[in-house]
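Chemist: The structure's right below; bear with me while I get my questions together.
Any read-out appearing in this document is the output of simple, stated calculations on the displayed coordinates, not a laboratory observation. What you see is a predicted model, and the numbers here were worked out from it, not measured in a lab. Note: ideal-geometry Cβ built from the backbone for every residue, glycine included; neighbour counts use all protein chains shown.
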Ligand SMILES: [Zn+2]
């Protein structure tokens with residue numbers, strides 16, 4: 001007869017094995033249903049109305065993570081740089097930012113956060129404040145017509161204190177969902193947003209480039225917002241279609257790194273579950289981005305933390321501007 005102690009040992013071994021199995025599974029690739037035949041209705045956009053648009057990434061800070069945390073299934077400890085950036089967009093009808101990077105007194109806002117926040121999220125390297133970037137480019141906060149927020153997470157609204165009075169344009173879905181969130185981190189978002197006026201928009205226009213609906217920002221077909229939900233309920237992407245230079249597609253936090261939609265693969269399940277509002281919706285968005293990427297390899301798809309893609313884009317952009 002098996003003694004109690006032996007049972008306990010067998011139980012511990014089984015639990016240990018299950019634990020090790022789960023840990024191993026968490027870094028293995030996950031199945032994505034991407035093999036079925038699927039061709040979205042995608043009209044060729046009319047490019048005759050696209051003006052010249054200048055796009056400049058303003059990187060304010062970064063954090064370094066081992067690659068296996070950023071891309072599930074990547075058996076690699078290679079350091080991966082996650083940037084915190086704003087994008088300055090200069091269109092003939094308006095100058096605005098897509099997300100905001102970090103303000104100059106960011107630490108004053110983070111000081112009173114929980115230990116969890118300060119150790120896990122607050123461990124970034126602060127490089128250059130949004131206000132300093134704008135000053136370098138000779139753009140005054142008053143020159144900005146508005147700020148477009150991809151979504152309402154602290155690290156995307158954290159430059160707003162450098163932009164007093166500049167109106168914030170927010171997807172209504174995102175705004176309504178954020179209003180219901182009573183966590184400490186949600187509280188921080190409202191602190192960053194201060195008393196800047198809010199202007200809500202809705203993506204209720206027609207399907208665009210394979211995405212379910214859209215909102216044409218200036219009505220000329222050059223700046224098209226599309227919902228990319230899952231990371232948050234109203235995470236919003238922005239197509240930039242221009243006469244000068246290549247088109248591009250900014251995707252907020254729908255993917256942290258290009259590999260996430262290229263393979264496709266989520267981040268490591270621990271990070272994914274911490275930062276994803278709706279798992280199934282977020283994975284469907286990754287599949288949509290994956291299919292878009294296959295159909296349009298010529299259009300860079302750039303996440304707001306994707307340091308490598310942002311740098312590559314700016315290198316090409318600066319060369320193009322020098323040649324022009
Ligand atoms: Zn983010």
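Chemist: Report, in degrees rounded to the nearest 10, the 0 to 90 angle that the Cα long axis of helix 279-295 makes with the longest principal axis of the chain.
Modeler: Result, in degrees: 60.
Chemist: In what sequence do 262, 209, 309 fall when counting other Cβ within 10 Å, fewest first?
Modeler: 262, 309, 209
Chemist: Would you please report the Å³ per residue occupied by the convex hull of the alpha carbon atoms in region 209-310?
Modeler: 95 Å³
Chemist: Taking only Cα atoms, what is the 0 to 90° angle, nearest 10, from helix 184-193's long axis to the longest principal axis of the chain?
Modeler: Helix 184-193 and the main axis of the chain meet at about 10 degrees.
Chemist: How do 31, 198, 156 rank when sorted from fewest to most other Cβ atoms within 10 Å of their own Cβ?
Modeler: By the 10 Å Cβ count, ascending: 31, 198, 156.
Chemist: Which peptide among 210-218, 225-233, 112-120 comes first, and what is the full order, when sorted by highest mean count of other Cβ atoms within 10 Å?
Modeler: In decreasing order of mean packing, 210-218, 225-233, 112-120 become 225-233, 210-218, 112-120.
Chemist: By per-residue mean of other Cβ atoms within 10 Å, what is the highest-first order of 246-252, 147-153, 302-308?
Modeler: By packing density, highest mean first, the sequence is 147-153, 302-308, 246-252.
Chemist: If you don't mind, there's one more thing I want to ask. Contact order normalised by length for region 165-324, with contacts defined as Cα pairs under 8 Å and 6 or more residues apart; what percent is it?
Modeler: 18 percent
Chemist: Computed FRET efficiency, Cβ-Cβ of residue 316 and residue 17, R0 51 Å: what is it to the nearest 0.05?
Modeler: FRET efficiency, residue 316 to residue 17: 0.55.
Chemist: While we're looking at this one, here's another question. Quickly rank 72-83, 53-64, 19-30 as a protection proxy: mean count of other C-beta atoms within 10 Å, highest first.
Modeler: Highest to lowest by the protection proxy: 53-64, 72-83, 19-30.
Chemist: Quickly estimate the mean residue ellipticity at 222 nm for the chain, helices only: each DSSP H run with n ≥ 4 gives -39500 (n - 2.57), and the total goes over all residues, rounded to 500.
Modeler: Taken over the chain, the calculation gives -10000 deg cm²/dmol.
Chemist: Now for a different question. Going by alpha carbons, how many degrees (0 to 90, nearest 10) lie between the helix axis of 307-323 and the longest principal axis of the chain?
Modeler: Rounded to the nearest ten degrees, it is 20.
Chemist: Let me see the P(r) profile for the chain: every Cα-Cα distance counted, bins of 20 Å, each bin given as a percent of all pairs.
Modeler: Over the chain, the share of Cα pairs per 20 Å bin runs 30, 56, 11, 3, 0 percent.
Chemist: Semi-axes, largest first, in whole Å: what does sqrt of 5 times each Cα gyration tensor eigenvalue give for region 103-211?
Modeler: 24, 21, 13
Chemist: Still on this model: Take the alpha-carbon centre of region 301-324, take the same for region 166-221, and report the distance between them in whole Å.
Modeler: 25 Å
Chemist: How much of the DSSP bridge set in the chain is antiparallel, in percent, rounded to the nearest 5?
Modeler: Here the share of antiparallel DSSP bridges comes out near 75 percent.
Chemist: Which residues does the label zone of residue 218 cover in region 224-268, counting backbone N under 17 Å from a point 7 Å along Cα→Cβ?
Modeler: Backbone N within reach: 224-226, 238-250.
Chemist: Ranked by Cβ crowding within 10 angstrom, fewest neighbours first, how are 7, 154 ordered?
Modeler: So the residues, fewest neighbours to most, are 7, 154.
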